[in-house]
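Here is the structure we will look at, set down as structure tokens.
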Amino acid sequence: MAKERSFTEKEGYFGDFGGRYAPEILTEALIELEGTYLKLRKDKKFLKELEFYRKNYIGRPSPITFAERLTKAWGGARIWLKREDLNHTGAHKINNTIGQALIAKAMGKRRIIAETGAGQHGVATATVGAMFQFETAIFMGEEDLRRQKLNAIRMEMLGAKVIGVSSGTATLKDATSEAMRDWALNVSNTHYIVGSVIGPHPFPTIVRDFQKVIGDESKKQFKKANDKLPDAVVACVGGGSNAMGMFYGFLKDKKVKLYGVEAGGRGSSPGEHSATMLFGKTGFLHGTKTLVIQDEGGQVVPAHSVSAGLDYPGVGPEHAFLHSSGRVKYETVSDQGALDAFMEVCRVEGIIPALETAHAFRFAKDLAKELGKKKDILICLSGRGDKDVAEVARLVGLFQGGEI
Amino acid sequence: MSAIRSVFSETKSSFIPYISLGDPTYDACVDWADALIRGGADILELGIPFSDPVADGPVIQKAFKRALANPFSMEKVLETTAKIHALHPHIPLVYLTYFNPIYSYGFENFAAEAKISGIEGMIIPDLPYDTPETENLFHSLQKRGIDLIHLVTPATAPARMKGIRDFASGFIYYVTSYGVTGERTALSNGLEERIRMTKSLFSLPVSAGFGISSPDQAKEISEYADGIIIGSAVQRIIEENGSNPSLCRKKLEEYALSISKSLRGNR
């Protein structure tokens with residue numbers, strides 16, 4: 001096994017992955033951001049302010065819930081849920097946008113932009129845009145706008161400008177490229193709130209640091225409730241911010257098995273999945289060196305997932321490192337598996353999970369059987385599935401032609 | 001002296017047009033290159049299409065999309081380059097490419113084969129000088145006499161320019177404005193001052209690109225820059241006329257002549 005962590009903040013690398021491979025026009029802004037953040041993370045006033053918003057605006061700490069009925073239904077290990085779906089705006093994304101909004105404020109920026117796939121990061125950015133009175137623009141692929149209309153409406157209601165992106169595959173990958181282009185044009189007055197543990201250094205570190213509250217809280221809460229740590233922790237991975245935040249708290253606890261679950265989509269052919277760990281190879285995308293789903297010529301292959309939040313052909317560089325070191329195991333779950341788990345969790349546990357998280361649930365179901373009783377699995381319930389209900393209803397055939 | 005430096009030593013203001021290889025076909029690009037060189041190009045930039053060109057505006061994004069509708073292979077890129085080189089061996093050819101395709105190909109092989117195809121320089125907008133890969137690539141290219149041309153932008157601080165000096169050769173590509181590639185009617189304030197400052201820090205010629213499209217703009221900038229790079233305006237001619245090869249050729253040659261004539265006063 002490779003060394004667990006060789007990240008040095010000065011260089012921004014995680015083993016062989018990470019770094020800063022952005023166009024030159026953005027480099028000074030990235031250097032400024034890194035410098036500002038390194039100061040702020042030690043600044044008591046900043047940390048106090050962050051804590052204030054976590055408690056009074058996001059609603060942290062989010063609880064952990066013992067999923068008694070799922071445990072019974074699956075007939076194996078005990079299932080616990082870290083309830084990021086109970087945060088304000090309904091997902092973990094707000095943990096990061098609050099933090100980055102405070103950084104943007106400290107840098108004197110007046111405008112914030114973001115990319116979004118499923119729209120949860122867009123909603124979280126639009127929310128802090130309203131809260132701190134930033135001019136806000138959100139880039140979203142046209143295909144995702146169709147799938148996640150509710151979130152696009154929420155963003156507009158919060159005062160953000162939603163910009164549909166029709167270039168390329170019209171999904172998250174292209175929305176990310178478009179946000180980078182906007183940032184290059186407006187870099188002097190704009191902060192780009194990257195939504196996952198991706199992008200050029202220092203973004204993967206900053207986003208991880210704002211999300212690690214998930215794992216830190218979970219560890220304390222679980223220990224208090226059970227006087228031990230969970231045997232396994234499971235989280236879904238697109239870019240990987242909820243998973244990174246959750247795993248980070250447990251990296252040093254070798255007995256805790258960590259599982260990241262990617263979107264297996266509808267098959268193993270290129271364009272049919274978003275399983276970067278399984279099918280990706282080392283490459284350069286959106287300013288970072290990481291695993292990328294690409295063809296033999298080095299062209300990035302469009303990703304697919306039933307969940308708009310997971311169909312990204314890359315993954316956070318720290319995940320790529322954790323994969324190469326073997327500390328975290330990465331698995332896949334198909335579109336159908338995620339849909340099945342989505343419906344099962346709704347009906348058995350009374351929780352509508354995000355389609356992203358449904359991938360984690362489907363994997364945990366098998367893991368629960370494999371580990372057997374007396375073991376504990378903690379799942380990061382990264383967000384609620386209100387945004388997905390129309391798409392899931394369409395896909396599973398609910399209310400077809402009927403009345404709702 | 002490299003082939004690229006020789007051009008600058010012989011010409012006071014060089015004209016450097018750009019085309020995206022493969023748009024709409026690889027064979028057509030040989031014709032486009034021929035027309036631009038006949039119209040007075042001193043150096044020709046060849047874009048290697050990439051699926052995610054974050055530093056490019058809509059015109060070049062669309063060109064890459066059209067190019068990638070053809071099966072992409074680096075072999076095809078190199079073969080097309082060699083054809084252009086064979087037509088005009090005295091005109092230095094420069095690749096503009098994102099890093100992933102050449103990393104995927106293996107940059108030691110890539111450097112060797114690019115040289116054989118006639119490439120004299122490389123521009124890689126998403127590969128900053130301060131990465132381990134730049135250092136390795138620089139040495140691979142240096143061995144073969146290929147220049148690594150760096151971008152300097154309005155946001156690049158002088159301290160960073162000093163770092164770039166260690167890995168830059170051929171010429172400096174000065175980015176005239178914030179944002180991505182694309183035609184603009186107004187140039188940024190203080191451009192002359194910035195270019196003069198850049199020239200004072202590098203012992204290399206400085207060519208200006210991003211946003212330049214008209215002969216008048218080219219003439220104005222050539223008063224203080226060593227070269228003018230034009231991408232989107234050329235690519236737009238191909239976008240609008242590429243389906244009619246003889247008309248497209250004619251328009252490209254006429255456009256190139258209009259720019260090269262506007263620079264001639266400074267030659």
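The values are calculated or read from the model by the stated rules, or taken from the named source; none is laboratory data. Quick caveat: nothing in here was measured; it's all calculated off a predicted structure. Virtual Cβ from ideal backbone geometry, glycine too; neighbours counted across all protein chains shown. For accessibility, only protein heavy atoms count, side chains too; no ligands or nucleic acids. Shrake-Rupley method; radii C 1.70, N 1.55, O 1.52, S 1.80 Å.
Say whether the condition of being modelled with pLDDT under 95 and within 14 Å of chain A (Cβ to nearest Cβ) is met by at least one residue in the stretch B:82-98. Checked the stretch B:82-98: no residue is modelled with pLDDT under 95 and within 14 Å of chain A (Cβ to nearest Cβ).
The set of residues from the stretch A:223-266 being in contact with a Leu (Cβ under 8 Å, 6 or more places away or on another chain), buried (at least 24 other Cβ atoms within 10 Å of the Cβ) and in a loop (DSSP other than H, G, I, E, B) comprises A:PRO230, A:VAL237, A:GLY238, A:PHE250. If we scan the stretch B:109-119, do we find a residue that is within 14 Å of chain A (Cβ to nearest Cβ) and surrounded by 21 or more Cβ atoms within 10 Å (Cβ to Cβ)? Yes, the stretch B:109-119 contains at least one residue that is within 14 Å of chain A (Cβ to nearest Cβ) and surrounded by 21 or more Cβ atoms within 10 Å (Cβ to Cβ). Of all residues in the stretch A:167-202, exactly one satisfies the criterion of being within 9 Å of another protein chain (Cβ to nearest Cβ), under 21 Å from A:PHE132 (Cα atoms), of a type in the set (S, T, N, Q) and touching a residue at least 40 places away in the same chain (Cβ under 8 Å), namely A:ASN186. Among the residues making up the stretch B:1-55, those that are open to solvent by 10 Å² or more (accessible area, probe 1.4 Å), farther than 30 Å from A:SER177 by Cα and either in a strand (DSSP E or B) or not hydrophobic (A, V, I, L, M, F, W, C) (or both) are B:SER2, B:ARG5, B:SER6, B:SER9, B:GLU10, B:THR11, B:LYS12, B:ASP31, B:ASP34, B:ARG38, B:GLY40, B:ASP42.
Hey, any hits in the stretch B:100-107 for a residue that's under 28 Å from B:SER222 (Cβ atoms), assigned to a helix (DSSP H, G or I) and either within 14 Å of another protein chain (Cβ to nearest Cβ) or not acidic (Asp, Glu) (or both)? Looking for residues that are under 28 Å from B:SER222 (Cβ atoms), assigned to a helix (DSSP H, G or I) and either within 14 Å of another protein chain (Cβ to nearest Cβ) or not acidic (Asp, Glu) (or both), one finds none in the stretch B:100-107, hence no. Just to be sure, is A:THR176 in contact with a His (Cβ under 6 Å, 6 or more places away or on another chain), outside any strand (DSSP E or B) and either open to solvent by 10 Å² or more (accessible area, probe 1.4 Å) or within 30 Å of B:ASP126 (Cβ to Cβ) (or both)? Yes; evaluated as a whole, the condition is true for this residue. Scanning the stretch B:166-194 for residues that are surrounded by fewer than 22 Cβ atoms within 10 Å (Cβ to Cβ), in contact with a strand residue (DSSP E or B) (Cβ under 9 Å, 6 or more places away or on another chain) and not in a loop (DSSP other than H, G, I, E, B) returns B:LEU191, B:ARG194.
Counted as qualifying within the stretch A:14-79 are the helices (runs of 4 or more DSSP H) with 2 or more residues that are buried (at least 22 other Cβ atoms within 10 Å of the Cβ), namely A:24-40. Among residues that are surrounded by 16 or more Cβ atoms within 10 Å (Cβ to Cβ), without any contact (Cβ under 8 Å) to a residue 60 or more places away in the chain, β-branched (Val, Ile, Thr) and under 13 Å from A:MET343 (Cα atoms), A:VAL396 is not included. In the stretch B:236-263, of all residues being without any contact (Cβ under 8 Å) to a residue 24 or more places away in the chain and part of a helix (DSSP H, G or I), the one that is surrounded by the most Cβ atoms within 10 Å (Cβ to Cβ) corresponds to B:ILE237.
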